[in-house]
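Report on the following structure.
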Amino acid sequence: MEVFEAIHNRHSQGKVKQDEVPRALIGKLLDAAVQAPNHYKVRPWRFVVLTGNARDRLGDVMAASQRDRKPDLPSEVFDKTRTLPLRAPVLIAVGVDKPSEEKVLEIENICAVAAACQNILLAAEALGLGAKWRTGEWARDEKVKEFLGFEKDQHILAFLYIGYPEFTAAHEPRPSFEDRTIWME
Ligand SMILES: Cc1cc2nc3c(=O)[nH]c(=O)nc-3n(C[C@H](O)[C@H](O)[C@H](O)COP(=O)(O)O)c2cc1C
């Protein structure tokens, strides 16, 4: 697929089938991710790929953490939370390394990892997969970070939900760049 086609056709795909995605295909997505630019070549991305029961275990951690923080919520809310990671057969949690040298800036590491996430979304599009970038409170949840092997002060930039699309949705064209751009000569 031509790069402009992938860029223009890509849209968040919240509804995907539960069909297994071959590991080789997930590898292709991650291989695309690590082609992203990164200052000082520090490779600041960390990927945790969750499939199968790992998604249930994440759901349990999310529900338990929510119960700790908001014990008065009705139990149906925790039940719903437990199922959130099951929305796609593949879930890639994407974290950012803290800078290990003075010259490396955290904001630049974050930029590089965001670029890696976009590479995954575009590669998914090119491979006929549907994907959705999600964050929400879970990206900042300490228990979730601990479960995924991240430090408390590490950012989780994305939970990328990936699977085969359930349907091809008609999408609105996006607004133009014009009102967000000035030209200087
Ligand atoms: C950093 C980031 C966080 C996001 N978090 C969420 C989220 O928590 N829930 C959600 O429904 N969509 C989330 N999205 C997806 C956006 O809502 C989506 O990209 C936007 O609506 C534009 O739609 P499109 O991706 O189809 O162009 C996130 C996107 C980004 C870049």
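Annotations for the structure displayed:
- Annotation for the stretch 131-143: at least one member residue is of a type in the set (Gly, Ala, Ser) and under 24 Å from Arg43 (Cα atoms).
- The listed residue being assigned to a loop (DSSP other than H, G, I, E, B), buried (at least 16 other Cβ atoms within 10 Å of the Cβ), modelled with pLDDT of 95 or more and on the phi < 0 side of the Ramachandran plot, out of Pro71, Pro99: Pro99
- Matching residues, the stretch 1-33, being more than 16 Å from the ligand (Cβ to nearest atom), among the aliphatic types (A, V, I, L, M) and surrounded by fewer than 14 Cβ atoms within 10 Å (Cβ to Cβ): Met1, Val3, Ala24
- When Trp138, Trp133 are checked against the criterion of being out of contact with any Gly (no Cβ under 7 Å at 6 or more places or on another chain), within 12 Å of the ligand (Cβ to nearest atom) and in a strand (DSSP E or B), Trp133 stands alone in meeting it.
- For Leu91, the requirement of being in contact (Cβ under 8 Å) with a residue 60 or more places away in the chain, out of contact with any His (no Cβ under 9 Å at 6 or more places or on another chain), in a helix (DSSP H, G or I) and among the hydrophobic types (A, V, I, L, M, F, W, C) is not met.
- Applying the condition of being open to solvent by less than 50 Å² (accessible area, probe 1.4 Å) and either more than 13 Å from Asn38 (Cβ to Cβ) or assigned to a strand (DSSP E or B) (or both) to the stretch 102-125 and asking which residue is farthest from the ligand (Cβ to nearest atom) yields Ala123.
- Set Val49, Val21: member being under 19 Å from Leu121 (Cβ atoms), of a type in the set (Val, Ile, Thr) and in a loop (DSSP other than H, G, I, E, B): Val21
- Count of the stretch 155-167 residues which are away from the ligand (no atom under 13 Å from the Cβ) and either in a loop (DSSP other than H, G, I, E, B) or among the basic types (Lys, Arg) (or both): 3
- Among residues of the stretch 152-176 that are among the basic types (Lys, Arg), those with a beta-carbon under 8 Å from a residue that is away from the ligand (no atom under 11 Å from the Cβ) and open to solvent by 90 Å² or more (accessible area, probe 1.4 Å) at least six positions away or on a different chain give the pairs Lys152/Glu142; Lys152/Glu146.
- The lone exception for Glu146 - which of (1) closer than 20 Å to Gln66 by Cβ; (2) away from the ligand (no atom under 16 Å from the Cβ); (3) exposed (fewer than 13 other Cβ atoms within 10 Å of the Cβ); (4) not hydrophobic (A, V, I, L, M, F, W, C) it fails: (3)
The values are calculated or read from the model by the stated rules, or taken from the named source; none is laboratory data. Computed from a prediction, not measured in an experiment: that's the story for all the values here. Because the Cβ atoms are built from the backbone with ideal geometry, glycine has one as well, and the counts that use them run over all protein chains shown. To get the accessible areas, we keep the full protein, side chains included, count just its heavy atoms, and leave off ligands, DNA and RNA. Shrake-Rupley method; radii C 1.70, N 1.55, O 1.52, S 1.80 Å.
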